[in-house]
Amino acid sequence: KDAEAFGKVSSAYGMPRETDDEKAARTAAIATASVEAAEAPLAVMEDSAAALRLAGCMLGRSNANLKSDIYVAALSLQAGLKSASYNVDANLPAIERADADLAASMREREAEIINEADRLASEILKK
């Protein structure tokens, strides 16, 4: 889904921009495509946070020899989540130009997920 969304953004940036109408159509297409391009990594972030919650539940309930694997999983999920956030951030400026409220909402959700993931990973690594 992420690659497909990026293709739409890329195509939108390639649209003609000679006339005012073309410029307006291009700007609108970039904004629309950027929303989809931000939603895909935002979903990855949400899924990663859910997986971190599950990883936290496994400590003390699974084989004690798997503790280091759960630590590695937590760190990997946190890194993947933060990597996805960079992709969200890359698309926010185009969204903000078209819909500042939507961009602010996405930015707020992104921050909430990052804060939760940081808290979860920290809790896991302290056990």
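Determine whether Glu116 is within 30 Å of Tyr13 (Cβ to Cβ), assigned to a helix (DSSP H, G or I) and acidic (Asp, Glu).
It is false that Glu116 is within 30 Å of Tyr13 (Cβ to Cβ), assigned to a helix (DSSP H, G or I) and acidic (Asp, Glu).
Sort through Asp21, Asp2, Asp69 and tell me the only one that's under 25 Å from Arg109 (Cα atoms) and either open to solvent by 40 Å² or more (accessible area, probe 1.4 Å) or in contact (Cβ under 8 Å) with a residue 24 or more places away in the chain (or both).
Testing whether each residue is under 25 Å from Arg109 (Cα atoms) and either open to solvent by 40 Å² or more (accessible area, probe 1.4 Å) or in contact (Cβ under 8 Å) with a residue 24 or more places away in the chain (or both) leaves just Asp2.
Looking at Ala50, is it under 22 Å from Ala100 (Cα atoms), out of contact with any strand residue (DSSP E or B) (no Cβ under 7 Å at 6 or more places or on another chain), surrounded by fewer than 16 Cβ atoms within 10 Å (Cβ to Cβ) and hydrophobic (A, V, I, L, M, F, W, C)?
Answer is no for this residue.
Restricting to the stretch 54-66, count the residues that are open to solvent by 50 Å² or more (accessible area, probe 1.4 Å) and over 14 Å from Glu116 (Cα atoms).
Residues that pass the stated criteria total 8.
Within the stretch 27-76, track down each residue that is of a type in the set (Ser, Thr, Tyr) and either farther than 28 Å from Phe6 by Cβ or under 22 Å from the mean Cα position of the chain (by Cα) (or both).
Correct list: Thr32, Ser34, Ser48, Ser62, Ser68, Tyr71, Ser76.
The values are calculated or read from the model by the stated rules, or taken from the named source; none is laboratory data. In this text, all values refer to a predicted model and were calculated from it rather than measured experimentally. Positions of Cβ are backbone-derived with ideal geometry, glycine not excepted, and every protein chain shown enters the neighbour counts. Ligands, DNA and RNA are stripped out before the accessible areas are found, and what is left, the full protein with its side chains, is counted by its heavy atoms. Shrake-Rupley method; radii C 1.70, N 1.55, O 1.52, S 1.80 Å.
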